[in-house]
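A.B. asks: Structure provided below as structure tokens; questions to follow.
The values are calculated or read from the model by the stated rules, or taken from the named source; none is laboratory data. No experiment lies behind these values; they were computed from the predicted model shown. Note: ideal-geometry Cβ built from the backbone for every residue, glycine included; neighbour counts use all protein chains shown. Only protein heavy atoms, including side chains, enter the accessible area calculation; ligands, DNA and RNA are left aside. Shrake-Rupley method; radii C 1.70, N 1.55, O 1.52, S 1.80 Å.
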Amino acid sequence: MLAVTAVSDVRTVGVVGGSLGGLFQAVALAELGLDVTVWERSAGRPDDRGAGIVLQPSVAWFLSVFCGVDPDRISVPVTHRQFFGRDGRSHHTLMRQRMISWGAIYTSLRDRLDSERYHDGRRVTALTPWPDGVDVHLGEAVHPVDLAIIADGSASRHRGLVAPDGAPRYAGYVAYRGVIDEAELPEELSEVFRDRFSFYDGDRTQFLCYFIPGDFGSTTPGSRRMNWVWYVRADAAGLDRITTDRDGTAHGLSLPPGLMAARVRGELLDRARTSLPEPLRRLVEHTREPFAQAILDGHASRMRRGRTLLTGDAAFVVRPHTAASAEKAAADAIALFTALQQVPSVDAALQAWEKDRLAEGAALYQHGVRLGQRLGLGGPEADPPHRPAPGNAARGGS
Ligand SMILES: Cc1cc2nc3c(=O)[nH]c(=O)nc-3n(C[C@H](O)[C@H](O)[C@H](O)COP(=O)(O)OP(=O)(O)OC[C@H]3O[C@@H](n4cnc5c(N)ncnc54)[C@H](O)[C@@H]3O)c2cc1C
């Protein structure tokens, strides 16, 4: 006789947000045979500014088992960590890892989901819970579902339904970022970073870089892209300056590629010339369209209320030093897949899932704050009090 599991009581699932967090959930739950619908407010492909992502085990497992994609085929290997001194000299240690891009993960997940399940250009305006389900509102239209999953990112509009206390706060520093086509890099510079995950830890600053797949997931040397991230402290006024674009429009917590004001770009180049080792400075100089993101701390005290769940960055915004946000989103989805399959009632399954994911999220959150503090970048001790993040987007114009 087949075991009775929670999955037999859930038929329809609605997912709010179609970036990585929402897609991991949608693909996993569709694998369970559930009728899944994703609503994504951006039309077309959501913003790809996340650029490079360190490939971690849950993401690799997910791609391989649920998407039928060999993660090695769409990621770039590194064999060593390389540490620069201010004089440009470096030493390295053995450390095998693989680097992937946001776009390569997104494409693998989207390809796995039937197109009629994914509705882009559709903003969820409200969620109304009822005892055994949730009404998902898109303006006038209402879609009742048995289970709703909120995956609308760090600036989540719907988080408050589950965790009113979870809104993220600015951690006191920004990540300048850049992506350069490998073909545009001088060969000798490319060679410096070959097979390396490179770091420079300066005075309350950190720079890191690595190669990621190029367009269409290409990992062939010559067609990859160099991805760099530079953490720099900035007070609230500094953040506003950095994220106000060349036309004077304020973007709040992030600045998309191609919009940086000339004076901010000039300051970035000056800073690179005076404070970075030579090979890293050259990367900044070769970047046509640098962009920037505020670093946030977000910590929800709950991830479930009835049949509504929080996942991904909507639940915990962890510092990028952990290199584990996409990993956390994939693990949220794998854990829900497992709980619904193994536990006999929906409520018990969701309860078990929440307990597990809250503990993981809280531990990762703390780890990220500690890493940021260790680098002298910011944290509750370094920067009291945190400024509440404005209601607009941390990423992706979301
Ligand atoms: C500097 C930096 C470096 C990072 N590096 C890494 C790394 O190395 N490794 C890693 O794992 N992660 C990294 N990340 C984080 C990672 O990109 C995210 O954590 C991951 O993609 C999960 O995001 P998400 O899907 O939960 O949220 P998001 O990607 O923010 O997606 C939310 C989606 O919801 C949509 N949406 C919002 N409101 C609505 C609505 N009302 N209706 C419908 N749709 C809506 C948005 O348009 C958006 O597409 C980094 C992040 C930063 C800032």
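A.B. asks: With the condition being in the same structural domain as Ala324 (by TED's automatic domain parsing) and not hydroxyl-bearing (Ser, Thr, Tyr), I'd like the strands (runs of 3 or more DSSP E) fully within region 83-134 carrying at least 2 qualifying residues.
C.D. replies: Answer list for region 83-134: 118-120, 126-130.
A.B. asks: If I go through region 151-180 residue by residue, how many of them are buried (at least 22 other Cβ atoms within 10 Å of the Cβ), of a type outside the set (A, V, I, L, M), near the ligand (Cβ under 10 Å from one of its atoms) and assigned to a loop (DSSP other than H, G, I, E, B)?
C.D. replies: 4
A.B. asks: Now a separate question. Only one of (1) of a type in the set (D, E, K, R); (2) more than 16 Å from the ligand (Cβ to nearest atom); (3) in the same structural domain as Val145 (by TED's automatic domain parsing) is not met by Arg288, so which one is it?
C.D. replies: Of (1) of a type in the set (D, E, K, R); (2) more than 16 Å from the ligand (Cβ to nearest atom); (3) in the same structural domain as Val145 (by TED's automatic domain parsing), only one is false for Arg288: (3).
A.B. asks: If you take the residues in region 76-107 that are polar (S, T, N, Q) and at pLDDT below 95, which one is nearest to the chain's Cα centre (by Cα)? Walk me through how you get there before you give the answer.
C.D. replies: Keep residues of region 76-107 that are polar (S, T, N, Q), which gives 79, 82, 90, 93, 97, 101, 107.
From what's left, at pLDDT below 95: 101, 107.
On the way: Ser101: 11, Thr107: 15 Å.
Ranking the candidates gives Ser101 first.
A.B. asks: Regarding region 388-398, can at least one residue be identified that is within 23 Å of Trp102 (Cβ to Cβ), modelled with pLDDT of 95 or more and not assigned by TED's automatic domain parsing to the domain that holds Tyr231?
C.D. replies: Taking every residue of region 388-398 in turn, none turns out to be within 23 Å of Trp102 (Cβ to Cβ), modelled with pLDDT of 95 or more and not assigned by TED's automatic domain parsing to the domain that holds Tyr231.
A.B. asks: Continuing with this model, one more query. Any idea how many residues of region 186-216 are out of contact with any Leu (no Cβ under 8 Å at 6 or more places or on another chain) and open to solvent by less than 30 Å² (accessible area, probe 1.4 Å)?
C.D. replies: Kept after step one, since they are out of contact with any Leu (no Cβ under 8 Å at 6 or more places or on another chain), are these residues of region 186-216: 186-188, 190-196, 203, 208, 210-216.
When the remaining residues are screened for being open to solvent by less than 30 Å² (accessible area, probe 1.4 Å), the result is 190, 193, 208, 210-214.
The qualifying residues number 8.
A.B. asks: Tally time: how many residues in region 92-128 are within 27 Å of Leu161 (Cα to Cα) and touching a strand residue (DSSP E or B) at 6+ places or on another chain (Cβ under 6 Å)?
C.D. replies: The total comes to 10.
A.B. asks: Further, regarding this structure: Looking at Leu20, Leu109, which one is near the ligand (Cβ under 9 Å from one of its atoms) and open to solvent by less than 40 Å² (accessible area, probe 1.4 Å)?
C.D. replies: The conditions single out Leu20.
A.B. asks: Taking Val38 as the residue in question, decide whether it is within 10 Å of the ligand (Cβ to nearest atom) and touching a residue at least 24 places away in the same chain (Cβ under 8 Å).
C.D. replies: When the stated conditions are applied, Val38 passes them.
A.B. asks: Which residue, of Thr274, Thr243, is in the same structural domain as Glu187 (by TED's automatic domain parsing), touching a Leu at 6+ places or on another chain (Cβ under 8 Å) and polar (S, T, N, Q)?
C.D. replies: Numbers: Thr274 fails: touching a Leu at 6+ places or on another chain (Cβ under 8 Å).
Exactly one residue qualifies, and that residue is Thr243.
A.B. asks: Return only the number of the condition from (1) outside any helix (DSSP H, G or I); (2) modelled with pLDDT of 95 or more; (3) of a type outside the set (Asp, Glu) that Leu29 does not satisfy.
C.D. replies: (1)
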